[in-house]
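K.L.:
Here it is, the structure in full.
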Amino acid sequence: MATIALAGLDDQAPVAPSARQATYAVGVGLRPDDPLAQSVVQAIKHGSPEELSALLDAHPTLAAEQLAGGSNAAWNGRTLLHVVTDWPGHVPGAGAKVAALAAAGADVDARFSGAHGEAPLHWAASSDDVDALDALLDAGADIDAPGAVIGGGTPLDDAVAFGQWTAARRLVARGAQPKLWNAAALGLMDRLEAELDGPTPPSADDVTNALWCACHGGQRAAAEYLLARGADLHWVGHDGLTALDAARRSGAGAVAEWLVEQGAKTAADVA
């Protein structure tokens, strides 16, 4: 079977979000050696919301600045909201800091400038940072914004692919629109059944991809349903893994045991 893209646009697979960490190129916005840049990053990463607010009050245009740094020209700039949500996320008072920046004029849908176009919400989703995620949505962030490193997709695509399940479920609860593979990974059976029994059923490849994602998410009921609908149990998919490999990598032992009972193989066995 041909490789199936998680978001239908390319073949980026669920991987640890830490693999996406970047260095930032000099030449956009505040330089890394600028004392103001150093002060605001310190306040965001380690300070209190009150310290950040004091800086924003003293520098009225600061919230809209982009930060630069490092030497990799592929990565051009990030906003202060990206600093709040950068991996691994969960800075102290993240939600309050997002709210302070938004109130001071930060664009909650501003894009990373460089090798991808992720908004801060993509980064919060990739870090399972629900505090920042909720604050961004409360400030008006686009919940289904495109631009993810996962196929150019949504924050939900990032959260599901990277196994950030709390963020993924919060996004769905707040109105994100799950794709078939998102629904499979989260065990959203009503959504799966509606997709497969709808007027335009998904392709066989999409059903197989959804099975793989169900196993990635440890969702046995979804996996059983998709297998019964013709999914290929032995597809070697994202990261060169089969559904069995994906379940084991995710620590979904019960799903892995069930897969073995169905005759599932590892990628090494398929080869």
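The values are calculated or read from the model by the stated rules, or taken from the named source; none is laboratory data. These numbers were taken from a predicted model, which means no experiment stands behind them. Methodologically, a virtual Cβ is constructed for each residue, glycine included, from the backbone with ideal geometry; neighbour enumeration extends over all protein chains shown. When the accessible area is computed, the model is the full protein with side chains, heavy atoms only, and any ligands, DNA or RNA have been set aside. Shrake-Rupley method; radii C 1.70, N 1.55, O 1.52, S 1.80 Å.
K.L.:
Of the labelled options (i) 134; (ii) 143; (iii) 121, which one gives volume of the Cα convex hull per residue in Å³ as computed for this structure?
P.N.:
(iii)
K.L.:
Still on this structure, please answer the following. For segment 52-151, rounded, prolate or oblate, judged on the Cα gyration tensor with a ≥ b ≥ c (square roots of eigenvalues), a/c < 1.5 rounded, else prolate if a/b > b/c? Mind dumping the intermediate values first?
P.N.:
Numbers: a/c = 1.64, a/b = 1.15, b/c = 1.42.
Note, shape of segment 52-151 comes out oblate.
K.L.:
Sticking with this structure for a sec: Sorted by packing (mean other beta-carbon atoms within 10 Å per residue), highest first, where do 241-250, 152-161, 102-111 land?
P.N.:
On the way: 241-250: 23.6, 152-161: 29.4, 102-111: 17.9.
Top to bottom by mean Cβ count within 10 Å: 152-161, 241-250, 102-111.
K.L.:
Per residue of segment 124-129, in order, report the coupling 6.51 cos²θ - 1.76 cosθ + 1.60 (Karplus, θ = phi - 60°) as ³J(HN,Hα) in whole Hz, putting x for Gly and Pro.
P.N.:
The phi angles translate into 4, 5, 6, 9, 6, 9 Hz.
K.L.:
Sticking with this structure for a sec: I want to verify a result. In a Gaussian network model of the chain, Cα cutoff 10 Å, which of these has the top mean-square fluctuation: Leu186, Leu196, Leu259?
P.N.:
Of Leu186, Leu196, Leu259, the Gaussian network model singles out Leu196 as fluctuating most.
K.L.:
Quick one: ranking Lys265, Lys97, Lys45 by accessible area, 1.4 Å probe, largest first, what do you get? Provide the component values of the computation, followed by the final result.
P.N.:
Values: Lys265 90, Lys97 0, Lys45 55 Å².
Accessible-area ranking of Lys265, Lys97, Lys45, largest first: Lys265, Lys45, Lys97.
K.L.:
Net charge within 13 Å of Ala102 by Cβ-Cβ distance, Lys/Arg positive one each and Asp/Glu negative one each, not counting Ala102 itself?
P.N.:
Details: positive: Lys97; negative: Asp107, Asp109, Asp134, Asp138.
Cβ neighbours under 13 Å give a net charge of -3.
K.L.:
When the chain is treated as a GNM, springs tying every alpha-carbon pair under 10 Å, which of Trp165, Trp123, Trp212 comes out with the largest mean-square fluctuation?
P.N.:
Largest GNM mean-square fluctuation: Trp165.
K.L.:
Give the aspartates and glutamates reachable from Lys45 as a straight Cα distance under 17 Å; neighbours fewer than 8 places away on the same chain don't count.
P.N.:
Within reach: Asp33, Asp34, Glu65, Asp86, Asp128, Asp129, Asp131.
K.L.:
Relative to the first principal axis of the alpha-carbon coordinates of the chain, what is the inclination of helix 49-58, with its axis defined by its Cα atoms, in degrees from 0 to 90 and to the nearest 10?
P.N.:
50 degrees
K.L.:
Can you work out the FRET efficiency for the pair Arg31 and Asp109, with r the C-beta to C-beta distance and R0 = 22 Å, to the nearest 0.05?
P.N.:
Values: r = 25 Å, r/R0 = 1.13.
With a Förster radius of 22 Å, E is 0.35.
K.L.:
Next question, about the same structure. Rounded to the nearest 0.05, what FRET efficiency do Glu193 and Ala173 have when you use their Cβ-Cβ distance and R0 = 22 Å? Before the final figure, lay out each step's value.
P.N.:
Details: r = 20 Å, r/R0 = 0.89.
About 0.65, to the nearest 0.05.
K.L.:
Going by amide H atoms built from the backbone, whose H comes under 5 Å of the H on Thr154, apart from near neighbours?
P.N.:
Placed amide hydrogens put Ala148 under 5 Å from Thr154.
K.L.:
Can you give the helix-only mean residue ellipticity at 222 nm for the chain, where every DSSP H stretch with n ≥ 4 adds -39500 (n - 2.57) and the sum goes over all residues, rounded to the nearest 500 deg cm²/dmol?
P.N.:
Values: 15 runs with 127 residues, N = 271.
About -13000 deg cm²/dmol.
K.L.:
Just subtract the alpha-carbon distance of Lys45 and Asp239 from 0.36 nm times their residue separation and send over the number in nm, one decimal. Numbers along the way, then the final one.
P.N.:
Numbers: separation 194, 0.36 × 194 = 69.84 nm, distance 3.22 nm.
Length gained, Lys45 through Asp239: 66.6 nm.
K.L.:
PRE reach from Ala228 (point 7 Å along Cα→Cβ): which of segment 167-209 fall under 17 Å by backbone N?
P.N.:
Hits in segment 167-209 for Ala228 at 17 Å: 184, 187-198, 207-208.
K.L.:
With bins 10 Å wide starting at 0, give me the P(r) of segment 184-271 over every alpha carbon pair, in whole percents.
P.N.:
Answer for segment 184-271: a P(r) of 20, 56, 21, 3 percent.
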